[in-house]
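First up is the structure itself, then whatever we jot down about it.
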Amino acid sequence: MAKYWREDIETMPREDMKKLQSERLVKQVQHVYEHVPYYRDLMDKKGVKPDDIRSVDDLYKLPFLSKADLRDAYPTGMLAVPMKDCVRIHSTSGTTGRRVVAFYTQHDVDLWDECCARAITAAGGTAEDVCQVAYGYGLFTGGFGLNGGSQKVGCLTLPMSSGNTERQIQFMRDLNATILCCTPSYAAYIGETLHDMGLTPDDIKLKAGIFGAEPWTEEMRRTIEASLGIKAYDIYGLTESSGPGVAFECEEQTGMHINEDHFIPEIIDPETGEVLPEGSVGELVFTSITKEAFPLLRYRTRDLCQLTRGKCSCGRTLIKMCKPMGRSDDMMIIRGVNVFPSQIETVLIEQGYSPNYLIEVDRKNNTDTLDISVEMNTEQFSDKMKDIQEKERSLASAIKTMLGINPKVHLVSPKSITRSEGKAVRVIDKRKLHD
Amino acid sequence: MDTIKQFSVFVENKQGRMAELTRLIADAGIDLRTLSLADTRDFGILRIIVNKPEETEALLKQNGWTYKATSVIGVKVPDCPGGVATVLEALNEVNVNVEYMYAFVNRTPGRADTVICVDDEQAALEILQKKHIDILTAEEAYDI
Ligand SMILES: [Zn+2]
């Protein structure tokens, strides 16, 4: 079994990689400066010229790009090639504001496919495999990204898109799918449905799953692995950076290797913008160095993260990023405390509850309220009112220990919280309606 | 041991959930012998006794309701002042705790048939028998 898709790149000595990155960065900066007036203005304002960027060590001199910049530049302000040279677009959902449209030339699509092919190979995929892609196809990058990687590896690709879960399982069984690609919440739902259909992991041939596009916890990973009988691999990417495949997990499951020959990562202090030393927790920033149509220099992802360059048992020398600890957008400030949904999810799973929950934040009498609805299973249900209330209290107290604030927990029936076939909606912040 | 099978069904306080459940049961040709609802602001537990327990259980399972089958005791309480007190005193005497109780819709004049859920069924049945308090059999409860 091939262990790497591109051994030369994936195990390249650091010094050689740095040289490669520097050469590519210099070219990328020139390309952007020449073709993207929006970024040229940012550089001019900061007094930086392309000549000032001679190696990756000069990266810090460049101005940042934020999501707000991309929205300002909508739809074509960041485009670095004539539109006729592009072959495709993808777009963000626009749920948190105006959409961002990303453009791709054929070269960009090929590199993206290449990144996804590395991820599939790292998850044990080869041309012998059957890869079921249950990410949404369309403007969302998940479906097309993994589809491209899967075909590049030579897997038989099942372009299922998301939804119609029983049919997913039928194809999975009839065509002996061995790799599943989708969001972690959909993977959990497929696992649940499999069980509801009276089937077990022995009835399917899946061995690995590649799950991303939303934050998920280690506990959720174990739940999915058990319900589908697979090893679950994380994958990272943003529509702005092409899509999934910026970073991918190896069998060690201790973080995602970043495809450094295409993207240079940095960790910055989100308040000051200062670059933090390796190992610090801060905001993840990416610089693309090989893109034609939609190159982004120092793009602030808003993901809070940590980078480590330790030796990995898989032999890859590519730097690793941890599972993002939360997107700064997902962070809620409740009664002055920073709260991430993932912290709550961790407690729920530890306490034996399902990862199906809904967090509702509101403000009553000038105090923030935190209500968490959690599904209980038949075994957790009791005929006695006081038992259920006791369970709610004990779960609330475990969450309070984690967060420092007291939530109100509501146990609800199985399947009463809407399942997601794509990115799950975990939080409803009603305070925004009042503001 | 003569106990009655009761189903406790979890119902969220969402509009129409109770109606949905009782309609499901009715459409299957099952008769509700009696029911009781315990509720909080968030949820309720609907406790039901039916004429066809096996069919009801299959129906609840198939339709994805969260439920527990529990056994309860039916007591033929004399319909006179102090009737219920006598029963509770008897249970108290042997330290049996009553979790909850509710009445059957009365069918026999002079009697208030009551459903009691206790923490120690064995002890409860023994003391009731000793005190000559009549037990409602499962058959009587299902009214076959
Ligand atoms: Zn590794």
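Can you tell me which of B:LEU37, B:LEU21 is touching a residue at least 12 places away in the same chain (Cβ under 8 Å), farther than 24 Å from A:MET197 by Cα and within 12 Å of chain A (Cβ to nearest Cβ)?
Residue meeting the stated conditions: B:LEU37.
Using the structure shown, decide if A:ARG309 is closer than 17 Å to A:ARG118 by Cα and of a type in the set (Lys, Arg).
no
If we keep just the residues of segment A:299-318 that are under 22 Å from A:TRP5 (Cα atoms) and surrounded by 22 or more Cβ atoms within 10 Å (Cβ to Cβ), which is farthest from the ligand (Cβ to nearest atom)?
A:LEU318
All but one of (1) farther than 30 Å from B:LYS14 by Cα; (2) within 14 Å of chain A (Cβ to nearest Cβ); (3) surrounded by 13 or more Cβ atoms within 10 Å (Cβ to Cβ) hold for B:TYR67; which doesn't?
Of the numbered conditions (1) farther than 30 Å from B:LYS14 by Cα; (2) within 14 Å of chain A (Cβ to nearest Cβ); (3) surrounded by 13 or more Cβ atoms within 10 Å (Cβ to Cβ), the odd one out for B:TYR67 is (1).
Determine which member of the set B:ASP42, B:ASP31, B:ASP27, B:ASP119 is within 12 Å of chain A (Cβ to nearest Cβ) and at pLDDT 90 or above.
B:ASP119
Tell me which residues, restricted to segment A:406-427, are under 24 Å from A:ARG335 (Cβ atoms), surrounded by 15 or more Cβ atoms within 10 Å (Cβ to Cβ) and more than 11 Å from chain B (Cβ to nearest Cβ).
A:PRO407, A:ARG426, A:VAL427
In this structure, is A:MET376 among the hydrophobic types (A, V, I, L, M, F, W, C), surrounded by fewer than 18 Cβ atoms within 10 Å (Cβ to Cβ) and outside the structural domain of A:VAL133 (by TED's automatic domain parsing)?
No: the conditions fail for A:MET376.
Which one is farthest from the ligand (Cβ to nearest atom), of the residues in segment A:224-266 that are β-branched (Val, Ile, Thr) and more than 27 Å from A:THR193 (Cβ to Cβ)?
Among those that are β-branched (Val, Ile, Thr) and more than 27 Å from A:THR193 (Cβ to Cβ), it is A:THR239.
More than 16 Å from the ligand (Cβ to nearest atom), out of contact with any helix residue (DSSP H, G or I) (no Cβ under 6 Å at 6 or more places or on another chain) and not in a loop (DSSP other than H, G, I, E, B): does that describe A:GLY209?
When the stated conditions are applied, A:GLY209 does not pass them.
Here is a yes/no grid of residues against (1) in a strand (DSSP E or B); (2) out of contact with any helix residue (DSSP H, G or I) (no Cβ under 7 Å at 6 or more places or on another chain); (3) over 18 Å from A:SER354 (Cα atoms):
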{"site": "A:THR378", "(1), (2), (3)": "no, yes, no"}
{"site": "A:SER382", "(1), (2), (3)": "no, no, no"}
{"site": "A:GLU392", "(1), (2), (3)": "no, yes, no"}
{"site": "A:THR401", "(1), (2), (3)": "no, yes, yes"}
{"site": "A:PRO414", "(1), (2), (3)": "no, yes, no"}
{"site": "A:SER420", "(1), (2), (3)": "no, no, no"}
{"site": "A:VAL425", "(1), (2), (3)": "no, yes, no"}
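When the residues of segment A:267-298 are narrowed to those that are among the charged types (D, E, K, R) and either closer than 30 Å to A:GLN106 by Cβ or part of a loop (DSSP other than H, G, I, E, B) (or both), which ends up nearest to the ligand (Cβ to nearest atom)?
A:GLU278
If the Cβ limit is 7 Å and pairs must be 6+ apart or interchain, which residue in segment A:247-263 that is within 19 Å of A:LEU25 (Cβ to Cβ) pairs with which residue that is among the charged types (D, E, K, R) and at pLDDT 95 or above?
A:ASN259/A:ARG118
The values are calculated or read from the model by the stated rules, or taken from the named source; none is laboratory data. Just so you know, these numbers come straight off a predicted model, no measurement behind them. Virtual Cβ from ideal backbone geometry, glycine too; neighbours counted across all protein chains shown.
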